[in-house]
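In what follows, a structure is listed as structure tokens, so that the remarks can point back to it.
The values are calculated or read from the model by the stated rules, or taken from the named source; none is laboratory data. Treat the numbers as computed from the prediction; the structure is a model and nothing was measured. Cβ placement follows ideal geometry from the backbone for every residue including glycine, while neighbour counts extend to all protein chains displayed.
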Amino acid sequence: MRRRPTWDGGFIRGVLANSGLFRGTPAQAIATIAGQCWSLEVGRLQPIVLKGSRLPGIYAVAYGKVKLALRQPNGAQRVIALVQAGETFGEAEAFLGRPAGFEASAVTVCKLVVIPSEATFGLIDRDARAARQVLASVARRNVELLAELESSSLRHGGQRLATYLAGLAEPVNGAARGVCKVRLPATKTLIASRLDMKKETLSRLLRAFATQGLIEVKGGDITLLDPAGLAEVA
């Protein structure tokens with residue numbers, strides 16, 4: 001169930017301050033922006049943005065996971081991003097005032113903060129340092145998009161999966177040096193779509209990596225036993 005927008009100043013200020021878009025922005029500037037924002041709670045699997053719709057602003061994820069996807073004429077979808085707490089989406093559409101070229105929906109129960117474009121533009125006009133931070137965040141997104149295009153166009157499935165797992169990896173305390181843990185952020189169906197492959201292909205590649213001694217799989221938890229070997233695959 002999608003709830004009505006609400007306003008909670010302290011909550012919104014915390015979300016903005018911890019987002020990559022505004023990290024490092026002075027507290028007073030955050031408070032000014034927060035006064036123009038609102039929060040929104042969205043139930044699991046509920047739509048947030050429909051393709052072709054106008055965004056009310058940039059969305060910042062407070063908690064939960066959001067799926068951004070492209071929908072093909074036959075109804076099939078390609079997941080282009082899984083957005084989590086501390087991350088934002090919709091910057092380009094909000095800044096340019098263009099209809100969304102993607103659809104967004106909640107993978108889990110989510111709480112979002114909507115940041116009107118005017119609030120961000122006002123901050124950019126007033127604060128050069130904040131303007132550089134916003135610019136850097138948008139530039140990073142562009143670099144990530146180019147890397148994604150390269151991966152889907154020039155790399156085979158095993159390379160894409162190895163790169164993806166390495167990007168999620170976190171060291172394990174007390175384990176052998178180099179051993180890392182990965183918790184898949186969504187179902188295998190969504191992960192497969194994110195990597196532009198079928199679910200069966202993803203499962204087959206995970207089994208192959210396990211057979212080669214590169215990883216150990218237990219449900220949605222994956223241990224990277226040989227990160228160096230995985231890097232060679234990538």
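Just for the range 191-216: of the residues that are surrounded by 14 or more Cβ atoms within 10 Å (Cβ to Cβ) and in a loop (DSSP other than H, G, I, E, B), which one is modelled with the highest pLDDT?
Ranking the qualifying residues of the range 191-216, first place goes to Leu214.
Closer than 18 Å to Glu144 by Cα and crowded, with 20+ Cβ neighbours inside 10 Å: does that describe Val66? If you could, list the steps in order and put the result at the bottom.
Details: closer than 18 Å to Glu144 by Cα: yes; crowded, with 20+ Cβ neighbours inside 10 Å: yes.
Spelling it out, Val66 is indeed closer than 18 Å to Glu144 by Cα and crowded, with 20+ Cβ neighbours inside 10 Å.
Pairs under 7 Å by beta carbon, first residue farther than 20 Å from Ala186 by Cβ in the range 202-215, partner part of a loop (DSSP other than H, G, I, E, B) and of a type in the set (Asp, Glu), six or more apart or different chains?
As it stands, the answer is Gly213/Asp226; Leu214/Asp226, since those pairs meet every condition given.
Residues in the range 1-29 that are outside any loop (DSSP other than H, G, I, E, B), at pLDDT 90 or above and either basic (Lys, Arg) or surrounded by fewer than 20 Cβ atoms within 10 Å (Cβ to Cβ) (or both): how many? Before you say what the answer is, go through the steps one by one.
The first filter runs over the range 1-29 and keeps only residues outside any loop (DSSP other than H, G, I, E, B), leaving 6, 9-17, 27-29.
Within this subset, residues satisfying the condition of being at pLDDT 90 or above are 10-17, 27-29.
With either basic (Lys, Arg) or surrounded by fewer than 20 Cβ atoms within 10 Å (Cβ to Cβ) (or both) added as a condition, the list becomes 10-11, 13-14, 17, 27-29.
Of the residues in the range 1-29, 8 are outside any loop (DSSP other than H, G, I, E, B), at pLDDT 90 or above and either basic (Lys, Arg) or surrounded by fewer than 20 Cβ atoms within 10 Å (Cβ to Cβ) (or both).
This table checks each residue for (1) in contact with a strand residue (DSSP E or B) (Cβ under 9 Å, 6 or more places away or on another chain); (2) free of Cβ contacts under 8 Å to residues at least 12 places away in the same chain; (3) in the same structural domain as Glu87 (by TED's automatic domain parsing); (4) over 22 Å from Leu135 (Cα atoms).
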position	(1), (2), (3), (4)
Gly24	no, no, yes, no
Gln28	no, yes, yes, no
Ala31	no, no, yes, no
Cys37	yes, no, yes, no
Arg44	yes, no, yes, yes
Pro56	yes, no, yes, no
Tyr59	yes, no, yes, no
Gly64	yes, no, yes, yes
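Name the residues in the range 86-101 that are touching a residue at least 60 places away in the same chain (Cβ under 8 Å) and buried (at least 16 other Cβ atoms within 10 Å of the Cβ), would you? Spell out the reasoning first.
Let us first name the residues in the range 86-101 that are touching a residue at least 60 places away in the same chain (Cβ under 8 Å), namely 86-88, 91.
Within the range 86-101, Glu87, Thr88, Glu91 meet the criteria.
Given the criterion among the β-branched types (Val, Ile, Thr) and over 14 Å from the mean Cα position of the chain (by Cα), identify the matching residue among Thr120, Thr108.
Details: Thr108 fails: over 14 Å from the mean Cα position of the chain (by Cα).
When all the criteria are applied, what remains is Thr120.
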